[in-house]
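Encoded as structure tokens, the structure appears first; notes follow it.
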Amino acid sequence: MSHDHDDRPGLNAAQAEAALNPPPGRVGGDLVTETLQGLGAATVFGVSGRPAPGLSGALRRSALAYVELGAENNAAFAADAYGRITGEVAVLLLTAGPGALAALPALQEAAAASAPVLAVCAQVPAAGLGGRRHGHPRELRDQQASFREVVKSVHPVRTASQIPSAIAAAWESALTAPHGPVWVEIPEDVLRAETVLPPVSALDATPRELYPRPELTLVAADLLARAARPAIIAGGGVVRADATGKLRALAERIAAPVATTYGGKGAFPWGHPLSLRSWPGDPRVTELLEAADVLLVVGSGLGALSSGGHTFAPRGRVVQIEADAGKLESNHPALGIHSDAREALDALLDAVEPREDATAADRVRTTLEAAPDPAAAAQGPGPDARVLAAVRAALPDTAPSFWDLTPLTTRAWSAFDARRPNTMHSAQGAGGPGYALPSATGAAFADPTTPVLAVTGEDDAPHAAAELTTARRYGLPVTWLIVDGDGDRGDGGDGDHEDRDGGPDALRPDLVALAESLGVPALRSTPASLATDLTTALRAPGPSVIVLRAR
């Protein structure tokens, strides 16, 4: 039997010469940077002044841009956002023990959002592994165990020769649907030790495609074509798969109303005649979806946040397309199709017969007219509504925004019109404070020409304030909107928080003064002036801070 090896990666003359005569002075860390460059990485994230041992010199010798943030969890949030915005692997460098553990909540957020983050983490010297407890600094009995249930895959390294293959395997895992964070762990002595191994070249980490089973596609197409009242719920998987155009084509072909989950914002045009907008929300929208005789769920597991706390109860047949096999039929019996959303929708478009239904758009319009209209509500007297209207007026359609969990954010999930996919992000997975600003920082590195908005509540702002120095150091176009939700304390709305009795206000930092002390322009705003203030800040170069008294 003959074998064709023509597709194997090869070496050019310069690479062959370097392989036979490796340059001197290289260490294990160089194998890491060479592998990352060979796979296509250009930017890596880490903590100021403290990359993993053995990597400082390797980074200087490489063409990689090392982005330094103030803390490990913030660096991980930045990498998460970079991965979400670009769809490419975002590289995160971590030190062993406490540094790694500090990034754990952010990696959980990346896992929930299926963000392709590759964490390269140092480990204690190899002699201390396996529970030998030599008392090395930052020693954990089993560091991998802390991450194994959070990340998508774990790739331990024990010798320098294992580094390229482990990183390439992790890279492929991060980009294979469903995307997600992955973990590579390398002992410090391996990273620091000199190596005579040749420079890394000729890497291949092409992600595997996840196609639907053809017999399941045929059944799903038949169900949708024969349905009397089909409907579609689109989740974040549609956005991550870049399948919004295919979703729209399918919805129009079968005349099916479409609602998006909060993670799926932007997956379907807000003003389309078949758009039920963001859901869950008004019970009348829920009733239309529950009454569908065939409900197509694409890119969502219908978890608690996407189903009104598991109260959603579809009465018809459910067809679920999901790249994460663990989420298939996890909440509702369904015809489960394990596939990337783009591939499955493409297959359905090839298989489904057109369905005529002149009443579908009328039913959508009637439902939305009976439900509170977010656009109209945004013009009402409520402070949150006025703030959202101002943000929507000021924010360019292509500009990404990152939201900490606040009452304003929960309203935005339903009422904010994300006019482009992949532009509104919030901490829906881990939910910890301090997500928005470091994430906006990472997004700004993904595209420094586009302004980025971070939205934070006043109480959560101190968790991330250190990253103002990062935004200023790199000159990033990040506007940080800090919303004070306690603005009804009778101070006249002028932003003067003086508390003569030494109450909570007396303990709150002056965030405008803090920003200015770091050289970042800052001002206090009101709902009435917010649209103008935000527009000015978003158009200006570099970072800025706006502190809003919401009431």
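The values are calculated or read from the model by the stated rules, or taken from the named source; none is laboratory data. Please read these numbers as outputs of a predicted model, since none were measured by experiment. Please note: Cβ atoms are built from the backbone with ideal geometry, for glycine as well, and neighbour counts cover all protein chains shown. Note: areas computed on protein heavy atoms with side chains; ligands, DNA, RNA excluded. Shrake-Rupley method; radii C 1.70, N 1.55, O 1.52, S 1.80 Å.
Can you tell me which of F312, F268 is within 25 Å of G245 (Cβ to Cβ) and of a type in the set (F, W, Y)?
Just a single option satisfies the conditions, and that option is F268.
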Note to self: A168 - would you say it is touching a residue at least 12 places away in the same chain (Cβ under 8 Å), of a type in the set (A, V, I, L, M) and within 25 Å of G236 (Cβ to Cβ)?
What the structure shows: no
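What residue, of G46, G54, G29, is open to solvent by less than 30 Å² (accessible area, probe 1.4 Å), in a helix (DSSP H, G or I) and either in contact (Cβ under 8 Å) with a residue 24 or more places away in the chain or not charged (D, E, K, R) (or both)?
Working: G46 fails: in a helix (DSSP H, G or I); G54 fails: in a helix (DSSP H, G or I).
It is G29.
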Notebook entry, point to check: Would a scan of the stretch 260-268 turn up a residue that is in a loop (DSSP other than H, G, I, E, B), touching a residue at least 60 places away in the same chain (Cβ under 8 Å) and of a type in the set (V, I, T)?
Noted result: no
Note to self: I need the helices (runs of 4 or more DSSP H) fully contained in the stretch 174-250, keeping only those with at least 1 residues that are among the β-branched types (V, I, T) and under 30 Å from A358 (Cα atoms).
What the structure shows: 214-226, 236-240
Notebook entry, point to check: When you scan the stretch 349-453 for helices (runs of 4 or more DSSP H) that lie fully inside it, which ones turn up with 2 or more residues that are among the hydrophobic types (A, V, I, L, M, F, W, C) and at pLDDT 95 or above?
Noted result: 360-370, 383-394, 436-446
Notebook entry, point to check: Could you give every pair whose Cβ atoms fall below 9 Å, whose first residue belongs to the stretch 511-524 and is at positive phi, and whose second residue is open to solvent by 80 Å² or more (accessible area, probe 1.4 Å) and not in a loop (DSSP other than H, G, I, E, B), counting only separations of at least 6 or pairs across chains?
Noted result: G519/R472
Note to self: Pairs please, first residue from the stretch 342-360 and in contact (Cβ under 8 Å) with a residue 60 or more places away in the chain, second anywhere and open to solvent by 90 Å² or more (accessible area, probe 1.4 Å) and of a type in the set (A, V, I, L, M), Cβ atoms under 8 Å, 6+ apart in sequence or on different chains.
What the structure shows: A351/L218
Margin query: Return the residues of the stretch 344-372 that are in contact with a Lys or Arg (Cβ under 6 Å, 6 or more places away or on another chain) and exposed (fewer than 11 other Cβ atoms within 10 Å of the Cβ); say none if nothing qualifies.
Written below: P354
Margin query: Take the residues in the stretch 295-305 that are open to solvent by 20 Å² or more (accessible area, probe 1.4 Å) and within 23 Å of T244 (Cα to Cα); name whichever of them is modelled with the highest pLDDT.
Written below: G303
Next item on the list: Look through R192, R158 and report the one residue that is under 23 Å from P98 (Cα atoms), in contact (Cβ under 8 Å) with a residue 60 or more places away in the chain and open to solvent by 60 Å² or more (accessible area, probe 1.4 Å).
Entry: R192
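For the stretch 270-299, name all the residues that are assigned to a loop (DSSP other than H, G, I, E, B), under 21 Å from D346 (Cβ atoms) and touching a strand residue (DSSP E or B) at 6+ places or on another chain (Cβ under 6 Å).
First, the residues of the stretch 270-299 that are assigned to a loop (DSSP other than H, G, I, E, B): 270-274, 279-282, 291-293, 299.
Next, only the ones that are under 21 Å from D346 (Cβ atoms) stay: 272, 274, 299.
If the condition is that a residue be assigned to a loop (DSSP other than H, G, I, E, B), under 21 Å from D346 (Cβ atoms) and touching a strand residue (DSSP E or B) at 6+ places or on another chain (Cβ under 6 Å), then L274 is the only one that fits.
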Notebook entry, point to check: For residues in the stretch 28-57 being closer than 21 Å to R158 by Cα, of a type in the set (A, V, I, L, M, F, W, C) and modelled with pLDDT under 95, which is farthest from the chain's Cα centre (by Cα)?
Noted result: L55
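Name the single residue, out of those in the stretch 197-218 being more than 23 Å from the chain's Cα centre (by Cα) and of a type in the set (V, I, T), that is modelled with the lowest pLDDT. Let's see the steps before the verdict.
Taking the stretch 197-218 first, the residues more than 23 Å from the chain's Cα centre (by Cα) are 197-204, 211-218.
Checking the rest, the ones that are also of a type in the set (V, I, T) come to 200, 217.
On the way: V200: 93, T217: 98.
So the residue we want is V200.
Looking at the structure I just gave you, is A228 open to solvent by less than 40 Å² (accessible area, probe 1.4 Å) and either over 21 Å from the mean Cα position of the chain (by Cα) or not β-branched (V, I, T) (or both)? I'd like the intermediate steps shown before the answer.
On the way: open to solvent by less than 40 Å² (accessible area, probe 1.4 Å): no; either over 21 Å from the mean Cα position of the chain (by Cα) or not β-branched (V, I, T) (or both): yes.
The answer is no for A228.
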Notebook entry, point to check: Looking at this structure, is A41 touching a strand residue (DSSP E or B) at 6+ places or on another chain (Cβ under 6 Å) and assigned to a loop (DSSP other than H, G, I, E, B)?
Noted result: yes
Check: Looking at K265, K327, K246, which is the one that is open to solvent by less than 40 Å² (accessible area, probe 1.4 Å) and of a type in the set (K, R)?
Finding: K265
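Test of understanding: among R508, R489, R524, which residue is surrounded by 14 or more Cβ atoms within 10 Å (Cβ to Cβ), more than 27 Å from A446 (Cα to Cα), modelled with pLDDT of 95 or more and among the charged types (D, E, K, R)?
On the way: R508 fails: modelled with pLDDT of 95 or more; R489 fails: modelled with pLDDT of 95 or more.
Just one listed residue meets the conditions, R524.
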Checklist line | Hey, G99 of a type in the set (G, A, S) and either at pLDDT 95 or above or in a loop (DSSP other than H, G, I, E, B) (or both) or not | finding: no
Next item on the list: Can you tell me which residue within the stretch 69-105, out of those that are more than 21 Å from A42 (Cβ to Cβ) and touching a residue at least 60 places away in the same chain (Cβ under 8 Å), is least open to solvent (accessible area, probe 1.4 Å)?
Entry: A96
Check: For A471, all conditions in the list (1) within 22 Å of F416 (Cα to Cα); (2) modelled with pLDDT of 95 or more; (3) not hydroxyl-bearing (S, T, Y) hold save one; what is the number of the exception?
Finding: (1)
Margin query: So for the stretch 307-321 (the condition being part of a strand (DSSP E or B), among the hydrophobic types (A, V, I, L, M, F, W, C), over 11 Å from I233 (Cα atoms) and open to solvent by less than 30 Å² (accessible area, probe 1.4 Å)), does at least one residue qualify?
Written below: no
